[in-house]
(Lines give C-alpha, C1' and ligand atoms only; values in the text may rest on other atoms or scores of the structure.)
Protein backbone atom coordinates (compact mmCIF):
# COMPACT_ATOMS: atom_id res chain seq x y z
CA UNK A 1 0.00 0.00 0.00
CA UNK A 2 1.35 3.42 -0.94
CA UNK A 3 2.24 5.89 1.80
CA UNK A 4 0.82 8.98 0.12
CA UNK A 5 1.24 11.36 3.04
CA UNK A 6 4.93 10.50 3.33
CA UNK A 7 5.42 10.89 -0.42
CA UNK A 8 3.71 14.30 -0.55
CA UNK A 9 5.52 15.48 2.59
CA UNK A 10 8.86 14.54 1.01
CA UNK A 11 8.30 16.57 -2.15
CA UNK A 12 9.78 18.41 -3.92
CA UNK A 13 13.29 17.02 -4.15
CA UNK A 14 14.95 20.38 -4.88
CA UNK A 15 17.95 22.58 -4.16
CA UNK A 16 17.58 26.17 -2.93
CA UNK A 17 17.81 27.65 -6.44
CA UNK A 18 15.06 25.34 -7.73
CA UNK A 19 17.28 23.02 -9.66
CA UNK A 20 17.30 19.27 -9.29
CA UNK A 21 19.33 17.90 -6.41
CA UNK A 22 22.69 16.46 -7.47
CA UNK A 23 21.97 17.56 -11.03
CA UNK A 24 20.33 14.21 -11.81
CA UNK A 25 17.03 15.57 -13.10
CA UNK A 26 13.50 14.37 -13.55
CA UNK A 27 14.36 10.66 -13.35
CA UNK A 28 15.91 11.01 -9.90
CA UNK A 29 12.83 12.78 -8.53
CA UNK A 30 10.61 10.17 -10.14
CA UNK A 31 12.64 7.36 -8.59
CA UNK A 32 12.15 8.89 -5.14
CA UNK A 33 8.40 8.97 -5.71
CA UNK A 34 8.12 5.48 -7.17
CA UNK A 35 10.07 3.87 -4.36
CA UNK A 36 7.17 4.36 -1.95
CA UNK A 37 4.34 3.51 -4.36
CA UNK A 38 2.59 0.17 -4.59
CA UNK A 39 2.88 -1.96 -7.72
CA UNK A 40 -0.66 -0.92 -8.69
CA UNK A 41 0.13 2.78 -8.36
CA UNK A 42 3.43 2.39 -10.22
CA UNK A 43 1.46 0.89 -13.10
CA UNK A 44 -0.54 4.14 -13.26
CA UNK A 45 2.70 6.14 -13.28
CA UNK A 46 3.95 3.92 -16.10
CA UNK A 47 0.89 4.79 -18.17
CA UNK A 48 1.31 8.52 -17.51
CA UNK A 49 4.96 8.33 -18.56
CA UNK A 50 3.99 6.58 -21.79
CA UNK A 51 2.00 9.69 -22.64
CA UNK A 52 5.13 11.84 -22.27
CA UNK A 53 6.72 9.93 -25.16
CA UNK A 54 5.59 11.34 -28.48
CA UNK A 55 6.13 8.01 -30.21
CA UNK A 56 3.45 6.46 -27.96
CA UNK A 57 0.73 8.98 -28.86
CA UNK A 58 -1.20 6.89 -31.34
CA UNK A 59 -4.97 6.43 -31.78
CA UNK A 60 -4.63 3.10 -29.94
CA UNK A 61 -3.00 4.83 -26.98
CA UNK A 62 -5.71 7.47 -26.73
CA UNK A 63 -8.43 4.84 -27.11
CA UNK A 64 -6.90 3.04 -24.14
CA UNK A 65 -6.44 6.25 -22.17
CA UNK A 66 -10.01 7.45 -22.69
CA UNK A 67 -11.44 4.28 -21.19
CA UNK A 68 -8.90 4.03 -18.37
CA UNK A 69 -10.33 3.31 -14.90
CA UNK A 70 -8.21 6.09 -13.38
CA UNK A 71 -10.11 9.37 -13.75
CA UNK A 72 -6.98 11.51 -13.70
CA UNK A 73 -5.39 9.58 -16.57
CA UNK A 74 -8.63 9.50 -18.52
CA UNK A 75 -9.27 13.23 -18.26
CA UNK A 76 -5.61 14.27 -18.56
CA UNK A 77 -5.22 12.49 -21.86
CA UNK A 78 -8.63 13.61 -23.08
CA UNK A 79 -7.38 17.16 -22.63
CA UNK A 80 -3.99 16.32 -24.13
CA UNK A 81 -5.69 14.92 -27.23
CA UNK A 82 -7.93 17.96 -27.64
CA UNK A 83 -4.97 20.29 -27.15
CA UNK A 84 -2.87 18.49 -29.75
CA UNK A 85 -5.73 18.44 -32.23
CA UNK A 86 -6.34 22.16 -31.66
CA UNK A 87 -2.68 22.84 -32.52
CA UNK A 88 -2.94 20.71 -35.67
CA UNK A 89 -6.08 22.55 -36.78
CA UNK A 90 -4.35 25.90 -36.21
CA UNK A 91 -1.38 24.82 -38.35
CA UNK A 92 -3.77 23.58 -41.03
CA UNK A 93 -5.37 27.02 -41.23
CA UNK A 94 -1.95 28.66 -41.43
CA UNK A 95 -0.94 26.36 -44.27
CA UNK A 96 -4.24 26.58 -46.13
CA UNK A 97 -4.98 22.89 -45.65
CA UNK A 98 -8.32 21.26 -44.83
CA UNK A 99 -9.18 21.82 -41.17
CA UNK A 100 -9.12 18.13 -40.17
CA UNK A 101 -5.93 17.16 -41.99
CA UNK A 102 -3.78 14.98 -39.68
CA UNK A 103 -6.22 15.44 -36.78
CA UNK A 104 -6.22 12.32 -34.61
CA UNK A 105 -9.61 10.65 -34.43
CA UNK A 106 -11.10 7.40 -33.24
CA UNK A 107 -10.97 4.62 -35.78
CA UNK A 108 -14.18 2.81 -34.85
CA UNK A 109 -17.92 3.26 -34.49
CA UNK A 110 -20.21 4.07 -31.59
CA UNK A 111 -20.55 0.32 -30.97
CA UNK A 112 -16.80 -0.27 -30.70
CA UNK A 113 -16.06 -1.16 -27.07
CA UNK A 114 -12.35 -0.41 -27.53
CA UNK A 115 -13.07 3.32 -27.86
CA UNK A 116 -14.28 5.94 -25.44
CA UNK A 117 -18.05 6.30 -25.31
CA UNK A 118 -17.77 9.94 -26.34
CA UNK A 119 -16.45 9.72 -29.89
CA UNK A 120 -16.99 13.44 -30.47
CA UNK A 121 -14.45 14.25 -27.79
CA UNK A 122 -12.11 11.58 -29.08
CA UNK A 123 -12.14 13.29 -32.45
CA UNK A 124 -11.07 16.58 -30.88
CA UNK A 125 -14.43 18.29 -30.48
CA UNK A 126 -15.26 21.33 -28.38
CA UNK A 127 -13.55 21.66 -25.02
CA UNK A 128 -13.80 24.37 -22.37
CA UNK A 129 -10.27 25.66 -22.85
CA UNK A 130 -10.51 25.96 -26.63
CA UNK A 131 -10.87 29.80 -26.74
CA UNK A 132 -7.82 30.24 -24.50
CA UNK A 133 -5.80 27.77 -26.55
CA UNK A 134 -6.70 29.52 -29.81
CA UNK A 135 -5.72 32.90 -28.32
CA UNK A 136 -2.32 31.54 -27.27
CA UNK A 137 -1.70 29.89 -30.63
CA UNK A 138 -1.82 33.20 -32.51
CA UNK A 139 0.99 34.71 -30.43
CA UNK A 140 4.04 35.36 -32.60
CA UNK A 141 6.77 34.67 -30.03
CA UNK A 142 7.46 30.93 -29.79
CA UNK A 143 8.36 30.91 -26.09
CA UNK A 144 5.31 33.02 -25.23
CA UNK A 145 3.15 30.57 -27.12
CA UNK A 146 4.69 27.52 -25.49
CA UNK A 147 4.48 29.05 -22.03
CA UNK A 148 0.84 29.97 -22.58
CA UNK A 149 -0.08 26.43 -23.61
CA UNK A 150 1.76 24.97 -20.63
CA UNK A 151 -0.02 27.43 -18.32
CA UNK A 152 -3.34 26.15 -19.63
CA UNK A 153 -2.20 22.56 -19.11
CA UNK A 154 -1.01 23.38 -15.58
CA UNK A 155 -4.40 24.88 -14.75
CA UNK A 156 -6.12 21.78 -16.12
CA UNK A 157 -3.97 19.55 -13.92
CA UNK A 158 -4.90 21.73 -10.95
CA UNK A 159 -8.59 21.24 -11.71
CA UNK A 160 -8.15 17.47 -11.93
CA UNK A 161 -6.38 17.32 -8.56
CA UNK A 162 -8.70 19.64 -6.63
CA UNK A 163 -9.54 18.12 -3.21
CA UNK A 164 -7.00 15.35 -3.78
CA UNK A 165 -4.35 15.77 -1.10
CA UNK A 166 -2.89 12.39 -0.14
CA UNK A 167 -3.78 9.93 -2.86
CA UNK A 168 -2.53 8.68 -6.21
CA UNK A 169 -4.28 11.52 -8.04
CA UNK A 170 -2.15 14.04 -6.12
CA UNK A 171 0.99 12.08 -7.00
CA UNK A 172 0.10 11.79 -10.69
CA UNK A 173 -0.69 15.50 -10.79
CA UNK A 174 2.68 16.31 -9.26
CA UNK A 175 4.50 14.19 -11.82
CA UNK A 176 2.56 15.82 -14.67
CA UNK A 177 3.46 19.30 -13.42
CA UNK A 178 7.07 18.26 -12.83
CA UNK A 179 7.23 17.14 -16.44
CA UNK A 180 6.25 20.68 -17.50
CA UNK A 181 8.92 22.13 -15.20
CA UNK A 182 11.54 19.77 -16.59
CA UNK A 183 10.75 20.91 -20.12
CA UNK A 184 11.14 24.56 -19.19
CA UNK A 185 14.42 24.02 -17.40
CA UNK A 186 15.80 22.93 -20.77
CA UNK A 187 14.03 25.69 -22.76
CA UNK A 188 14.35 28.67 -20.41
CA UNK A 189 16.06 28.20 -17.04
CA UNK A 190 14.52 31.29 -15.48
CA UNK A 191 11.02 30.23 -16.49
CA UNK A 192 11.75 26.71 -15.25
CA UNK A 193 12.81 27.99 -11.83
CA UNK A 194 9.66 30.10 -11.68
CA UNK A 195 7.52 27.04 -12.31
CA UNK A 196 9.52 25.05 -9.77
CA UNK A 197 8.82 27.77 -7.22
CA UNK A 198 5.12 27.53 -8.02
CA UNK A 199 5.20 23.76 -7.61
CA UNK A 200 6.99 24.08 -4.25
CA UNK A 201 4.28 26.41 -2.95
CA UNK A 202 1.52 24.09 -4.12
CA UNK A 203 3.05 21.05 -2.43
CA UNK A 204 3.70 22.91 0.83
CA UNK A 205 0.19 24.34 0.77
CA UNK A 206 -1.32 20.89 0.22
CA UNK A 207 0.64 19.33 3.06
CA UNK A 208 -0.31 22.06 5.50
CA UNK A 209 -3.91 22.03 4.34
CA UNK A 210 -3.75 25.63 3.14
CA UNK A 211 -2.85 27.62 0.07
CA UNK A 212 -0.54 30.56 0.65
CA UNK A 213 1.41 33.18 -1.20
CA UNK A 214 4.95 34.33 -0.46
CA UNK A 215 5.20 37.70 1.23
(Q) For segment 113-129, check the following and say yes or no: at least one residue is modelled with pLDDT of 90 or more and surrounded by 14 or more Cβ atoms within 10 Å (Cβ to Cβ). (A) yes
Q) For segment 155-167, how many residues meet the condition of being surrounded by fewer than 18 Cβ atoms within 10 Å (Cβ to Cβ) and within 14 Å of residue 129 (Cα to Cα)? A) 3
Q: Go through (1) buried (at least 17 other Cβ atoms within 10 Å of the Cβ); (2) in contact (Cβ under 8 Å) with a residue 40 or more places away in the chain; (3) over 23 Å from residue 128 (Cα atoms) one by one and return the number of the condition residue 25 breaks.
A: (1)
Q | The one condition in (1) farther than 22 Å from residue 176 by Cβ; (2) touching a helix residue (DSSP H, G or I) at 6+ places or on another chain (Cβ under 7 Å); (3) at pLDDT below 90; (4) surrounded by 13 or more Cβ atoms within 10 Å (Cβ to Cβ) that residue 139 fails to fulfil | A | (3)
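The values are calculated or read from the model by the stated rules, or taken from the named source; none is laboratory data. Note that this is a predicted model, so its numbers are computed, not measured. Methodologically, a virtual Cβ is constructed for each residue, glycine included, from the backbone with ideal geometry; neighbour enumeration extends over all protein chains shown.
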